[in-house]
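Colleague: Structure in C-alpha coordinates, see below.
The values are calculated or read from the model by the stated rules, or taken from the named source; none is laboratory data. Bear in mind that the values here come from a model prediction, so they are computed numbers and not experimental data. All Cβ positions, glycine included, derive from the backbone under ideal geometry; neighbour counts span all protein chains shown. Ligands, DNA and RNA are stripped out before the accessible areas are found, and what is left, the full protein with its side chains, is counted by its heavy atoms. Shrake-Rupley method; radii C 1.70, N 1.55, O 1.52, S 1.80 Å.
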Amino acid sequence: MRRLILAALLLLPAAARADPTTATLAPFLDAVAACAGRPDLTLAVIGVEPGQTALSREQAEEVRLAVESRLQATGRVRLAASADVVRIKALREGTTGLSGAEAEAQIRAAFSGDASVFLVEPRRAGETAALRLQAITRAAACKATSEPLTVPIRVGAAVADLDAVMEGAVKAFAAAAPNAKAVEVCPFVAEGGHSTCAGALTDRLLIALDAEARSANRILKGARLDVRRSPPGTACTGPVTAQGRFLTDQSRQSWMELEFQRDGAVLAPTGRRRIGVEGLGCDPTPRPFLDHLAATARTDAGRLTVAATATPFSAGQRLEMRIEARTQQTLYCWVVAPDETAFVALPVRGNPASAAPLKAGEAKRYPRSYGLDEIVAGESFENLFACFGVEGGLPPDLAERWLAAAPGKDGEARLLQPSDTLDLLEKIRATPGVTEATARIVVR
(Lines give C-alpha, C1' and ligand atoms only; values in the text may rest on other atoms or scores of the structure.)
Protein backbone atom coordinates (compact mmCIF):
# COMPACT_ATOMS: atom_id res chain seq x y z
CA MET A 1 0.00 0.00 0.00
CA ARG A 2 2.81 2.41 0.96
CA ARG A 3 4.49 1.83 -2.44
CA LEU A 4 1.22 2.55 -4.26
CA ILE A 5 0.78 5.86 -2.36
CA LEU A 6 4.38 6.83 -3.09
CA ALA A 7 3.97 5.99 -6.78
CA ALA A 8 0.77 8.03 -6.92
CA LEU A 9 2.54 11.03 -5.38
CA LEU A 10 5.37 10.75 -7.88
CA LEU A 11 2.88 10.83 -10.72
CA LEU A 12 1.39 14.12 -9.53
CA PRO A 13 2.48 17.24 -11.45
CA ALA A 14 5.24 19.21 -9.76
CA ALA A 15 2.96 22.23 -9.23
CA ALA A 16 0.44 20.07 -7.37
CA ARG A 17 3.14 18.76 -5.01
CA ALA A 18 4.50 22.27 -4.34
CA ASP A 19 4.06 24.21 -1.16
CA PRO A 20 0.49 25.64 -1.27
CA THR A 21 1.87 29.10 -0.48
CA THR A 22 3.66 29.12 -3.85
CA ALA A 23 0.27 29.33 -5.55
CA THR A 24 0.28 33.03 -4.73
CA LEU A 25 3.28 33.39 -7.04
CA ALA A 26 1.41 32.15 -10.12
CA PRO A 27 0.01 35.59 -11.19
CA PHE A 28 3.43 37.14 -10.65
CA LEU A 29 5.18 34.51 -12.78
CA ASP A 30 2.51 34.88 -15.48
CA ALA A 31 3.24 38.60 -15.59
CA VAL A 32 7.01 38.01 -15.73
CA ALA A 33 6.57 35.48 -18.55
CA ALA A 34 4.51 37.99 -20.47
CA CYS A 35 7.23 40.61 -19.95
CA ALA A 36 10.00 38.24 -21.05
CA GLY A 37 7.97 36.85 -23.92
CA ARG A 38 8.69 33.23 -22.98
CA PRO A 39 7.08 30.68 -20.64
CA ASP A 40 10.30 29.05 -19.34
CA LEU A 41 11.98 31.61 -17.12
CA THR A 42 15.47 32.07 -15.71
CA LEU A 43 15.34 34.51 -12.81
CA ALA A 44 18.12 36.18 -10.86
CA VAL A 45 16.96 36.81 -7.30
CA ILE A 46 19.00 39.83 -6.21
CA GLY A 47 17.61 40.26 -2.69
CA VAL A 48 16.70 43.26 -0.55
CA GLU A 49 18.29 46.68 -0.89
CA PRO A 50 21.57 47.00 1.03
CA GLY A 51 20.42 50.17 2.81
CA GLN A 52 17.24 48.74 4.33
CA THR A 53 17.04 48.43 8.12
CA ALA A 54 13.95 46.25 8.60
CA LEU A 55 16.03 43.08 8.47
CA SER A 56 19.48 42.23 9.70
CA ARG A 57 22.01 41.04 7.14
CA GLU A 58 21.50 37.44 8.27
CA GLN A 59 17.72 37.74 8.09
CA ALA A 60 17.90 39.35 4.64
CA GLU A 61 19.94 36.41 3.34
CA GLU A 62 17.52 34.00 4.99
CA VAL A 63 14.58 35.69 3.27
CA ARG A 64 16.33 35.65 -0.11
CA LEU A 65 16.96 31.91 0.13
CA ALA A 66 13.35 31.30 1.23
CA VAL A 67 12.06 33.22 -1.82
CA GLU A 68 14.37 31.24 -4.10
CA SER A 69 13.03 27.98 -2.62
CA ARG A 70 9.43 29.04 -3.22
CA LEU A 71 10.17 30.05 -6.80
CA GLN A 72 11.85 26.71 -7.45
CA ALA A 73 8.93 24.88 -5.86
CA THR A 74 6.60 26.23 -8.55
CA GLY A 75 8.42 24.13 -11.13
CA ARG A 76 8.27 27.05 -13.57
CA VAL A 77 11.65 28.77 -13.17
CA ARG A 78 15.38 28.24 -13.13
CA LEU A 79 17.57 30.41 -10.89
CA ALA A 80 20.66 32.34 -11.94
CA ALA A 81 23.42 32.69 -9.34
CA SER A 82 23.65 36.49 -9.42
CA ALA A 83 23.51 37.01 -5.66
CA ASP A 84 26.21 34.37 -5.18
CA VAL A 85 28.81 35.97 -7.43
CA VAL A 86 31.23 36.26 -4.49
CA ARG A 87 31.14 32.48 -4.17
CA ILE A 88 31.67 32.21 -7.93
CA LYS A 89 34.70 34.51 -7.59
CA ALA A 90 36.08 32.34 -4.79
CA LEU A 91 35.57 29.29 -6.96
CA ARG A 92 37.46 31.00 -9.76
CA GLU A 93 40.38 31.92 -7.53
CA GLY A 94 40.53 28.47 -5.98
CA THR A 95 40.24 26.55 -9.25
CA THR A 96 43.32 25.45 -11.15
CA GLY A 97 43.38 24.98 -14.89
CA LEU A 98 40.59 27.50 -15.52
CA SER A 99 41.57 30.30 -17.86
CA GLY A 100 40.77 33.91 -17.04
CA ALA A 101 38.35 34.15 -19.94
CA GLU A 102 36.51 31.00 -18.85
CA ALA A 103 36.27 32.24 -15.29
CA GLU A 104 34.96 35.63 -16.44
CA ALA A 105 32.41 33.84 -18.58
CA GLN A 106 31.24 31.93 -15.49
CA ILE A 107 30.80 35.16 -13.56
CA ARG A 108 28.91 36.80 -16.44
CA ALA A 109 26.67 33.74 -16.67
CA ALA A 110 25.83 34.15 -13.00
CA PHE A 111 24.11 37.42 -13.89
CA SER A 112 22.25 36.11 -16.92
CA GLY A 113 18.51 35.68 -16.73
CA ASP A 114 15.27 36.77 -18.28
CA ALA A 115 14.64 39.12 -15.34
CA SER A 116 16.17 40.27 -12.08
CA VAL A 117 13.97 39.87 -9.01
CA PHE A 118 14.27 42.41 -6.21
CA LEU A 119 12.71 42.00 -2.78
CA VAL A 120 11.11 45.37 -2.04
CA GLU A 121 9.33 47.04 0.86
CA PRO A 122 10.38 44.52 3.52
CA ARG A 123 8.39 44.82 6.74
CA ARG A 124 9.09 42.76 9.83
CA ALA A 125 6.29 41.69 12.18
CA GLY A 126 7.16 39.24 14.93
CA GLU A 127 8.52 36.06 13.42
CA THR A 128 7.62 36.91 9.82
CA ALA A 129 8.72 39.32 7.12
CA ALA A 130 6.31 40.69 4.51
CA LEU A 131 7.62 41.89 1.17
CA ARG A 132 6.90 42.09 -2.55
CA LEU A 133 8.79 40.59 -5.46
CA GLN A 134 9.57 43.01 -8.26
CA ALA A 135 10.95 41.62 -11.51
CA ILE A 136 12.64 43.80 -14.11
CA THR A 137 13.55 42.35 -17.49
CA ARG A 138 17.11 42.33 -18.75
CA ALA A 139 16.58 45.33 -21.02
CA ALA A 140 14.57 47.13 -18.28
CA ALA A 141 11.69 47.42 -20.73
CA CYS A 142 9.10 45.76 -18.51
CA LYS A 143 8.52 44.99 -14.86
CA ALA A 144 6.12 42.93 -12.76
CA THR A 145 5.31 43.21 -9.05
CA SER A 146 3.85 40.47 -6.88
CA GLU A 147 1.25 40.65 -4.16
CA PRO A 148 2.68 40.79 -0.60
CA LEU A 149 4.52 37.61 0.34
CA THR A 150 5.03 36.49 3.94
CA VAL A 151 8.18 34.59 4.86
CA PRO A 152 9.08 33.21 8.32
CA ILE A 153 12.32 34.47 9.86
CA ARG A 154 14.36 33.77 12.95
CA VAL A 155 13.86 36.46 15.54
CA GLY A 156 15.56 37.46 18.74
CA ALA A 157 18.20 40.10 19.24
CA ALA A 158 18.97 40.43 15.55
CA VAL A 159 22.25 42.04 14.58
CA ALA A 160 21.55 45.09 12.45
CA ASP A 161 23.82 46.06 9.59
CA LEU A 162 25.71 48.96 11.17
CA ASP A 163 26.27 50.96 7.99
CA ALA A 164 22.64 50.45 6.96
CA VAL A 165 21.47 51.81 10.32
CA MET A 166 23.74 54.84 9.92
CA GLU A 167 22.64 55.41 6.34
CA GLY A 168 18.97 55.05 7.27
CA ALA A 169 19.30 57.55 10.11
CA VAL A 170 21.10 60.05 7.88
CA LYS A 171 18.46 59.75 5.16
CA ALA A 172 15.69 60.17 7.72
CA PHE A 173 17.47 63.26 9.06
CA ALA A 174 17.85 64.68 5.55
CA ALA A 175 14.13 64.17 4.95
CA ALA A 176 13.16 65.71 8.29
CA ALA A 177 15.52 68.69 7.96
CA PRO A 178 16.05 69.25 4.21
CA ASN A 179 17.22 72.85 4.74
CA ALA A 180 19.88 72.01 7.34
CA LYS A 181 23.19 73.46 6.20
CA ALA A 182 25.45 72.04 8.91
CA VAL A 183 25.52 69.25 11.46
CA GLU A 184 27.79 68.95 14.50
CA VAL A 185 28.73 65.33 15.25
CA CYS A 186 29.19 64.67 18.96
CA PRO A 187 31.56 61.78 19.70
CA PHE A 188 29.64 58.62 20.61
CA VAL A 189 29.47 58.04 24.35
CA ALA A 190 30.18 54.58 25.74
CA GLU A 191 27.83 53.70 28.57
CA GLY A 192 29.61 52.59 31.72
CA GLY A 193 33.05 53.87 30.79
CA HIS A 194 35.23 54.32 27.72
CA SER A 195 35.42 52.02 24.69
CA THR A 196 37.31 52.26 21.41
CA CYS A 197 34.07 51.21 19.69
CA ALA A 198 32.56 54.60 20.54
CA GLY A 199 35.23 56.27 18.42
CA ALA A 200 34.76 53.72 15.63
CA LEU A 201 31.00 54.41 15.55
CA THR A 202 31.66 58.14 15.36
CA ASP A 203 33.89 57.51 12.35
CA ARG A 204 31.19 55.43 10.61
CA LEU A 205 28.61 58.15 11.19
CA LEU A 206 30.95 60.74 9.69
CA ILE A 207 31.36 58.51 6.61
CA ALA A 208 27.56 58.24 6.20
CA LEU A 209 27.10 62.01 6.61
CA ASP A 210 29.91 62.71 4.14
CA ALA A 211 28.18 60.46 1.59
CA GLU A 212 24.96 62.45 2.11
CA ALA A 213 26.82 65.76 1.76
CA ARG A 214 28.30 64.56 -1.55
CA SER A 215 25.10 62.99 -2.87
CA ALA A 216 24.03 63.87 -6.39
CA ASN A 217 20.68 65.13 -5.12
CA ARG A 218 22.35 67.75 -2.90
CA ILE A 219 24.89 68.73 -5.53
CA LEU A 220 22.19 69.27 -8.16
CA LYS A 221 20.09 71.35 -5.77
CA GLY A 222 23.06 73.26 -4.38
CA ALA A 223 22.01 72.15 -0.89
CA ARG A 224 25.34 72.23 0.92
CA LEU A 225 25.78 70.26 4.15
CA ASP A 226 28.81 71.00 6.32
CA VAL A 227 29.76 68.12 8.60
CA ARG A 228 31.85 68.96 11.66
CA ARG A 229 33.15 66.71 14.42
CA SER A 230 33.16 68.12 17.94
CA PRO A 231 36.54 67.83 19.69
CA PRO A 232 36.51 65.15 22.41
CA GLY A 233 35.59 66.34 25.87
CA THR A 234 33.92 69.56 24.69
CA ALA A 235 30.27 70.56 24.78
CA CYS A 236 28.56 69.60 21.54
CA THR A 237 26.59 72.62 20.37
CA GLY A 238 25.03 73.90 17.20
CA PRO A 239 21.63 74.29 15.54
CA VAL A 240 21.78 70.63 14.48
CA THR A 241 23.68 67.92 16.35
CA ALA A 242 24.11 64.16 16.03
CA GLN A 243 24.40 62.32 19.32
CA GLY A 244 25.02 58.62 19.79
CA ARG A 245 25.52 56.06 22.54
CA PHE A 246 27.32 52.74 22.53
CA LEU A 247 26.52 50.12 25.16
CA THR A 248 27.05 46.46 25.96
CA ASP A 249 24.74 44.22 27.98
CA GLN A 250 25.44 41.43 30.45
CA SER A 251 25.62 38.94 27.56
CA ARG A 252 28.39 41.04 25.97
CA GLN A 253 26.11 41.97 23.08
CA SER A 254 26.72 45.41 21.57
CA TRP A 255 24.05 48.06 20.99
CA MET A 256 23.90 51.58 19.64
CA GLU A 257 21.50 54.50 19.67
CA LEU A 258 21.68 57.57 17.44
CA GLU A 259 19.52 60.64 17.14
CA PHE A 260 19.75 64.02 15.45
CA GLN A 261 18.54 67.10 17.31
CA ARG A 262 17.56 70.51 15.99
CA ASP A 263 16.89 73.28 18.50
CA GLY A 264 16.16 70.67 21.16
CA ALA A 265 13.76 68.65 18.99
CA VAL A 266 14.69 65.04 18.25
CA LEU A 267 14.93 64.05 14.58
CA ALA A 268 15.40 60.62 13.05
CA PRO A 269 16.13 58.49 16.16
CA THR A 270 17.29 54.96 15.42
CA GLY A 271 16.12 53.55 18.73
CA ARG A 272 18.23 50.89 20.42
CA ARG A 273 19.75 48.61 17.77
CA ARG A 274 21.91 45.58 18.35
CA ILE A 275 25.02 45.70 16.18
CA GLY A 276 27.99 43.53 15.37
CA VAL A 277 31.34 45.20 16.06
CA GLU A 278 33.58 42.43 14.73
CA GLY A 279 34.42 44.35 11.57
CA LEU A 280 35.12 47.65 13.32
CA GLY A 281 38.48 46.62 14.77
CA CYS A 282 37.57 47.94 18.22
CA ASP A 283 37.25 46.65 21.76
CA PRO A 284 33.66 46.89 23.03
CA THR A 285 34.66 46.49 26.70
CA PRO A 286 33.74 49.63 28.69
CA ARG A 287 36.60 50.65 30.97
CA PRO A 288 37.32 53.42 33.50
CA PHE A 289 39.29 56.26 31.94
CA LEU A 290 42.74 55.28 33.26
CA ASP A 291 42.27 51.65 32.20
CA HIS A 292 41.10 52.81 28.77
CA LEU A 293 44.07 55.15 28.44
CA ALA A 294 46.54 52.38 29.27
CA ALA A 295 44.79 49.78 27.12
CA THR A 296 44.82 52.01 24.02
CA ALA A 297 48.36 53.35 24.45
CA ARG A 298 50.74 52.82 21.54
CA THR A 299 53.19 50.91 23.70
CA ASP A 300 56.43 49.37 22.50
CA ALA A 301 58.54 47.93 25.32
CA GLY A 302 61.38 47.53 22.85
CA ARG A 303 61.63 51.34 22.64
CA LEU A 304 60.32 52.84 25.89
CA THR A 305 59.26 51.60 29.34
CA VAL A 306 57.97 53.31 32.47
CA ALA A 307 57.55 51.71 35.92
CA ALA A 308 56.80 52.85 39.46
CA THR A 309 59.55 52.07 41.98
CA ALA A 310 56.89 50.78 44.40
CA THR A 311 53.37 49.41 44.04
CA PRO A 312 51.67 50.76 45.99
CA PHE A 313 53.46 53.66 47.64
CA SER A 314 52.83 54.27 51.33
CA ALA A 315 52.03 57.63 52.87
CA GLY A 316 55.30 59.45 53.57
CA GLN A 317 57.23 57.42 50.99
CA ARG A 318 59.17 59.13 48.20
CA LEU A 319 57.42 58.82 44.82
CA GLU A 320 59.67 57.81 41.92
CA MET A 321 59.16 56.58 38.37
CA ARG A 322 61.81 54.72 36.37
CA ILE A 323 61.97 55.70 32.68
CA GLU A 324 64.14 53.68 30.28
CA ALA A 325 64.62 54.15 26.55
CA ARG A 326 65.94 51.56 24.09
CA THR A 327 66.15 54.15 21.30
CA GLN A 328 66.87 57.86 21.53
CA GLN A 329 63.66 59.84 22.09
CA THR A 330 62.44 63.19 23.32
CA LEU A 331 60.03 62.60 26.21
CA TYR A 332 56.76 64.28 27.09
CA CYS A 333 55.36 62.91 30.35
CA TRP A 334 52.23 63.76 32.29
CA VAL A 335 50.15 62.55 35.21
CA VAL A 336 46.52 61.79 34.38
CA ALA A 337 43.70 61.51 36.91
CA PRO A 338 40.55 59.34 36.74
CA ASP A 339 38.43 62.47 36.12
CA GLU A 340 40.32 63.08 32.83
CA THR A 341 42.28 66.04 34.16
CA ALA A 342 46.06 66.01 33.89
CA PHE A 343 49.21 68.00 34.54
CA VAL A 344 52.49 67.97 32.64
CA ALA A 345 55.51 66.46 34.44
CA LEU A 346 58.21 66.65 31.73
CA PRO A 347 59.81 68.65 30.34
CA VAL A 348 60.06 71.59 32.74
CA ARG A 349 60.24 75.11 31.29
CA GLY A 350 63.61 76.71 31.92
CA ASN A 351 65.21 73.35 32.70
CA PRO A 352 67.24 72.26 29.63
CA ALA A 353 68.19 68.91 31.21
CA SER A 354 64.54 67.88 31.41
CA ALA A 355 64.06 68.59 27.70
CA ALA A 356 67.19 66.72 26.52
CA PRO A 357 66.42 63.51 24.59
CA LEU A 358 66.78 60.25 26.49
CA LYS A 359 69.57 58.29 24.80
CA ALA A 360 69.37 54.67 23.73
CA GLY A 361 69.95 52.39 26.71
CA GLU A 362 69.66 55.29 29.17
CA ALA A 363 67.47 55.04 32.29
CA LYS A 364 66.39 57.88 34.55
CA ARG A 365 64.28 58.32 37.65
CA TYR A 366 61.64 60.99 37.82
CA PRO A 367 61.90 63.47 39.54
CA ARG A 368 65.42 63.32 41.03
CA SER A 369 67.35 62.47 37.80
CA TYR A 370 66.03 65.75 36.39
CA GLY A 371 67.13 67.86 39.35
CA LEU A 372 63.54 68.38 40.50
CA ASP A 373 62.23 68.47 44.04
CA GLU A 374 61.28 65.18 45.64
CA ILE A 375 57.61 64.20 45.80
CA VAL A 376 56.38 62.59 49.01
CA ALA A 377 53.25 60.44 49.03
CA GLY A 378 50.40 61.86 51.07
CA GLU A 379 46.74 60.84 51.06
CA SER A 380 45.53 57.84 49.05
CA PHE A 381 45.04 58.27 45.30
CA GLU A 382 45.53 56.47 42.00
CA ASN A 383 46.76 58.22 38.88
CA LEU A 384 48.50 57.23 35.66
CA PHE A 385 52.03 58.34 34.80
CA ALA A 386 52.33 58.29 31.00
CA CYS A 387 55.12 59.28 28.63
CA PHE A 388 55.15 59.93 24.90
CA GLY A 389 58.45 59.28 23.15
CA VAL A 390 59.05 61.05 19.84
CA GLU A 391 62.29 60.93 17.91
CA GLY A 392 63.11 64.54 17.09
CA GLY A 393 60.29 65.91 19.26
CA LEU A 394 56.64 66.85 18.74
CA PRO A 395 55.56 69.13 15.88
CA PRO A 396 56.10 72.80 16.89
CA ASP A 397 52.43 73.62 17.52
CA LEU A 398 51.93 70.60 19.80
CA ALA A 399 55.24 71.17 21.58
CA GLU A 400 54.22 74.77 22.24
CA ARG A 401 50.85 73.71 23.69
CA TRP A 402 52.55 71.11 25.88
CA LEU A 403 55.16 73.52 27.24
CA ALA A 404 52.51 76.17 27.90
CA ALA A 405 50.97 73.78 30.46
CA ALA A 406 54.30 72.50 31.84
CA PRO A 407 55.73 73.51 35.21
CA GLY A 408 58.44 76.18 35.34
CA LYS A 409 61.36 76.73 37.66
CA ASP A 410 59.24 78.87 39.92
CA GLY A 411 55.73 77.67 39.13
CA GLU A 412 53.58 74.56 39.13
CA ALA A 413 52.08 72.89 36.09
CA ARG A 414 48.73 74.17 34.86
CA LEU A 415 45.91 71.71 35.46
CA LEU A 416 44.62 70.49 32.10
CA GLN A 417 40.85 70.18 31.88
CA PRO A 418 39.29 67.07 30.23
CA SER A 419 38.79 68.84 26.90
CA ASP A 420 42.50 69.75 26.74
CA THR A 421 43.58 66.31 27.97
CA LEU A 422 41.54 64.44 25.37
CA ASP A 423 42.44 66.81 22.55
CA LEU A 424 46.16 66.63 23.28
CA LEU A 425 45.94 62.85 23.60
CA GLU A 426 44.25 62.52 20.20
CA LYS A 427 46.66 64.85 18.42
CA ILE A 428 49.85 63.45 19.96
CA ARG A 429 48.80 59.88 19.21
CA ALA A 430 48.37 60.93 15.59
CA THR A 431 52.04 62.01 15.45
CA PRO A 432 54.00 59.59 13.21
CA GLY A 433 56.36 57.30 15.12
CA VAL A 434 55.11 58.19 18.59
CA THR A 435 55.64 55.61 21.35
CA GLU A 436 53.83 55.48 24.69
CA ALA A 437 54.57 53.92 28.06
CA THR A 438 52.34 54.01 31.13
CA ALA A 439 52.49 53.02 34.78
CA ARG A 440 50.11 53.38 37.72
CA ILE A 441 50.92 55.64 40.64
CA VAL A 442 49.06 54.10 43.57
CA VAL A 443 49.21 55.48 47.11
CA ARG A 444 47.55 53.50 49.90
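Colleague: Check cross-link reach from LYS171 to the lysines: straight Cα distance under 21 Å, and skip same-chain residues fewer than eight apart.
Modeller: Those lysines meeting the cut-off are LYS181, LYS221.
Colleague: Of all DSSP beta bridges in the chain, what percent run antiparallel (nearest 5)?
Modeller: Around 75 percent of the beta bridges assigned by DSSP in the chain are antiparallel ones.
Colleague: Counting only heavy atoms of protein chains, what accessible area per residue, in Å², does the chain have with a probe of 1.4 Å?
Modeller: 52
Colleague: Mind checking the dipole of the stretch 287-441: about its Cα centre, +1 per Lys or Arg Cβ, -1 per Asp or Glu Cβ, Debye to the nearest 20?
Modeller: Using Cβ point charges on Lys, Arg, Asp and Glu, the stretch 287-441 gives about 480 debye.
Colleague: Follow-up. What number, rounded to the nearest 500 deg cm²/dmol, is the helix-based mean residue ellipticity at 222 nm of the chain, given -39500 (n - 2.57) per DSSP H run of at least four residues and division by all its residues?
Modeller: Calculated mean residue ellipticity at 222 nm is -9000 deg cm²/dmol.
Colleague: Over the C-alpha atoms of the chain, what are the Rg and the largest Cα-to-Cα span, Dmax, in Å?
Modeller: Cα only, the chain: 31.1, 106 Å (Rg, Dmax).
Colleague: Taking the alpha-carbon distance from LYS364 and a cut-off under 26 Å, which lysines remain once sequence neighbours fewer than 8 residues away in the same chain are dropped?
Modeller: List returned: LYS409.
Colleague: Rounded, prolate or oblate for the stretch 152-294? Axes are the square roots of the Cα gyration tensor eigenvalues, ordered a ≥ b ≥ c, and the cut-off for rounded is a/c under 1.5.
Modeller: It is oblate, given that a/c is not under 1.5 and a/b is not larger than b/c.
Colleague: Need one word for the stretch 287-441: rounded, prolate or oblate. Basis is the Cα gyration tensor (sqrt eigenvalues a ≥ b ≥ c); a/c below 1.5 gives rounded, then a/b vs b/c decides.
Modeller: Rounded, because the longest to shortest axis ratio a/c is under 1.5.
Colleague: Arrange the peptides 254-260, 438-444 so that the one whose residues have, on average, the most other Cβ atoms within 10 Å appears first.
Modeller: The peptides rank, most packed first, as 254-260, 438-444.
Colleague: To the nearest 20 debye, what is the magnitude of the charge dipole of the stretch 154-244 about its Cα centre, counting +1 on the Cβ of each Lys and Arg and -1 on the Cβ of each Asp and Glu?
Modeller: Dipole size: approximately 320 debye.
Colleague: At a 1.4 Å probe, what is the % contribution of carbon and sulfur to the accessible area of the stretch 160-272?
Modeller: 51
Colleague: Which order do peptides 207-220, 132-145 fall in by mean Cβ count within 10 Å, highest first?
Modeller: The most tightly packed comes first, giving 132-145, 207-220.
Colleague: Could you tell me what % of all Cα pairs in the stretch 160-223 have separations over 14 Å?
Modeller: 62
Colleague: Another one. Could you tell me which of LEU258, MET321, THR431 has its Cα farthest along the dipole of the chain towards the positive end, charges placed at Cβ (Lys, Arg +1; Asp, Glu -1), taken about the Cα centre?
Modeller: Most positive-ward Cα: LEU258.
Colleague: What list of ³J(HN,Hα) couplings, whole Hz, do you get for the stretch 373-379 from phi and the Karplus terms 6.51, -1.76, 1.60, once you set θ to phi - 60° and write x for glycine and proline?
Modeller: In residue order, the calculated couplings are 5, 5, 10, 9, 5, x, 6 Hz.
Colleague: Hey, another quick one. How do 283-295, 405-417, 189-201 rank on mean C-beta neighbours within 10 Å, highest first?
Modeller: 189-201, 283-295, 405-417
Colleague: If you find the alpha carbon centre of the stretch 124-151 and of the stretch 177-192, how far apart are they in angstrom?
Modeller: 35
Colleague: Which one, LEU25, ALA129, ALA60, projects farthest toward the positive side of the charge dipole computed for the chain from Cβ point charges (K/R +1, D/E -1)?
Modeller: Selected residue: LEU25.
Colleague: Which percent of the accessible heavy-atom area of the stretch 287-441 goes to carbon and sulfur, probe 1.4 angstrom?
Modeller: Answer for the stretch 287-441: carbon and sulfur cover 50 percent of the accessible area.
Colleague: Pick out, from SER380, THR196, ALA139, the residue whose Cα sits farthest towards the positive end of the charge dipole of the chain, with +1 on the Cβ of Lys and Arg and -1 on the Cβ of Asp and Glu.
Modeller: Comparing the listed Cα positions along the dipole, ALA139 ranks first.
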